[in-house]
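S.K.: The structure follows.
The values are calculated or read from the model by the stated rules, or taken from the named source; none is laboratory data. Just so you know, these numbers come straight off a predicted model, no measurement behind them. All Cβ positions, even for glycine, are placed from backbone atoms using ideal geometry, and neighbour counts span all protein chains on display. Areas reflect the complete protein model, heavy atoms only, side chains present, ligands, DNA and RNA absent. Shrake-Rupley method; radii C 1.70, N 1.55, O 1.52, S 1.80 Å.
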Amino acid sequence: MQKNKQKYYITTAIAYASQRPHIGNMYDIVVTDLIARWKRMQGFDVRFLTGTDEHGQKIENAAAQAGVSPQAYVDGIVDGIRDAHRRLNISSDDFIRTTDPAHKRVIQKLFQKLLEQGDIYKGSYEGMYCVPCESFWTPSQLDENGMCPDCGREAAPAREEAYFLRLSKYQGWLEEHYEAHPEFIVPESRRKEMLNNFIKPGLQDLCVSRSSFRWGIPVESDPGHVIYVWIDALSNYITALGYDPDGSGELFHKFWPADMHVIGKDIVRFHTIYWPILLKALGLEQPKRVFGHQWLLFGSDKMSKSRGNVIYAEELAGRIGTDAVRYCMLADMPYGVDGSITETTVLERYNTDLANILGNLVNRTLAMTNKYFDGRVPVPGGAEGLDRELSSCAEQTVARAASLLEDCRVADAMEAILALAKRSNKYIDETAPWALAKEESQKERLGTVLYHLLECIRYLAILFAPAMPETAEKIKAQLCPEGGEECFGCESLSAFGGLPSGGRVTEKPVPLFARLDAKEFLASVLANE
């Protein structure tokens, strides 16, 4: 562990509190949780922020339809989001709501500061407005069907007095920032999209207030206007740390700038054009990286309640366990292309990856250790070719997984770690410990084989811990029931052989993942639809 911990500030996009989030919406929080846990394991002082975006016309309309106040409406949605986070074992350090009084006060100050320095000015807007996306468009920006280019839904004509942020003033600076910091946006395809489709054609000043509805933060000097949702929502990343134009707190000075914003591909434009310009106008440092991940689809379609193809992560966790859901979400989202998840793919991945490969490896290795060595970790003898190949695979897996996680290639990292479990199972078949056990002269060789397997299981527990923290603890409890915290930190993976010989494993191994019966599982899904 580092004595003087380096800070790491990571955030999710704050969830829009208009409806209950489905499993695709929850990918953001799960992948951010994995990265935050990994960084903590590496010794970083991590600050992990999430929260909810609670203003806007869409919420005002939904509350009216429900017959409740907007505040009562979002309170109910936020309670459900918090429950889902708890069910998915999310380790966030802070949860901000844009209806928090402290946030609202700072947003008003921030807006006034930009207004007074000339970065915001008053004008009028006429064009097309998409309520679901909270986005303004000119007629030429609509798709070929005259619909919103982001969501494909109808955009309605809008005309109103409004305040504008001078994006055009900062176009040259933003292009220079992209050039100087190619790592600012990942994947690279998102960076090219922003440059070629939005920045180089010319930035238009951004409408940053609305006067046609009331559910928002009022402009302090002009209360007939409410501050546009993107200034309100984006600024949560600094208000949650105690930013204040009149003097920010210690937390802000410690953790800003953000090391990574984790967001969906549909809001990359707001985070890599509007947000950097807003920060530049405020005189603040830029975030180091924006990870714009793809969508998790149901098969090949976007999830939609009206289509009946929605999966809720917390409900699925109730049937197969939290870690299994987390793993399936992370493993089913490739880097740079949309992922796909259905109840059938979850069933297949659970039974194959978790029950057959990982669970079976742990269970039978512990069972053989009890049977052949009275439940004690054996002393390894001289390593042979197969042993060295396996230990080398374990050490290489650490480096590969770390590199992939650093590059946000999370599904590839899950595959790389699982490959170590596959290689360990193959090693069992190659060395046949049950055959070695029949000959007393092979006792030392048998001990070497089982030691290598137990050590690989220790590696797997550590490497899978950010994705499946409960499973990692279960492996640790069965591998080292008498303690051994020092064997389960990242630093213990520096060299193969960290598991001390002579320690006792659990006498009665418990399967980590019981195989699911396909008919029963799918029937339970249908019963809950």
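S.K.: Given the conditions (1) part of a loop (DSSP other than H, G, I, E, B); (2) at pLDDT below 95; (3) in contact with a Pro (Cβ under 7 Å, 6 or more places away or on another chain), which single one is not true for Arg20?
M.R.: The single condition Arg20 does not satisfy is (3).
S.K.: Please go through region 46-86 and give me each residue that is acidic (Asp, Glu) and free of Cβ contacts under 8 Å to residues at least 12 places away in the same chain, ordered by number.
M.R.: Asp75, Asp79
S.K.: Another one. Condition first: within 19 Å of Thr239 (Cβ to Cβ), open to solvent by 30 Å² or more (accessible area, probe 1.4 Å) and at pLDDT below 95. Now tell me which residues in region 47-59 satisfy that.
M.R.: none
S.K.: Could you list all residues from region 233-255 that are farther than 20 Å from Ile29 by Cα and either in contact with a strand residue (DSSP E or B) (Cβ under 9 Å, 6 or more places away or on another chain) or open to solvent by 20 Å² or more (accessible area, probe 1.4 Å) (or both)?
M.R.: Gly242, Asp244, Pro245, Asp246, Gly247, Ser248, Gly249, Glu250, Leu251, His253, Lys254
S.K.: Quick one: would you say Gln442 is surrounded by fewer than 22 Cβ atoms within 10 Å (Cβ to Cβ), among the polar types (S, T, N, Q) and touching a helix residue (DSSP H, G or I) at 6+ places or on another chain (Cβ under 6 Å)?
M.R.: yes
S.K.: Which pairs have Cβ atoms under 7 Å, sit 6 or more apart or on different chains, and link a residue in region 158-180 that is closer than 28 Å to Gln57 by Cβ and among the aliphatic types (A, V, I, L, M) to one that is part of a strand (DSSP E or B) and open to solvent by 50 Å² or more (accessible area, probe 1.4 Å)?
M.R.: Here the result reads Ala162/Ser124, each pair linking region 158-180 to a residue that is part of a strand (DSSP E or B) and open to solvent by 50 Å² or more (accessible area, probe 1.4 Å).
S.K.: So how many residues does region 475-516 have that are among the acidic types (Asp, Glu) and either under 23 Å from Ala367 (Cβ atoms) or open to solvent by less than 40 Å² (accessible area, probe 1.4 Å) (or both)?
M.R.: 2
S.K.: For residues that are part of a loop (DSSP other than H, G, I, E, B) and among the acidic types (Asp, Glu), scanning just region 114-162, find the one that is nearest to the chain's Cα centre (by Cα).
M.R.: Asp150
S.K.: Would you tally the residues in region 23-46 being open to solvent by 10 Å² or more (accessible area, probe 1.4 Å) and either in contact with a Lys or Arg (Cβ under 8 Å, 6 or more places away or on another chain) or in a strand (DSSP E or B) (or both)?
M.R.: Summing the residues that are open to solvent by 10 Å² or more (accessible area, probe 1.4 Å) and either in contact with a Lys or Arg (Cβ under 8 Å, 6 or more places away or on another chain) or in a strand (DSSP E or B) (or both) in region 23-46 gives 4.
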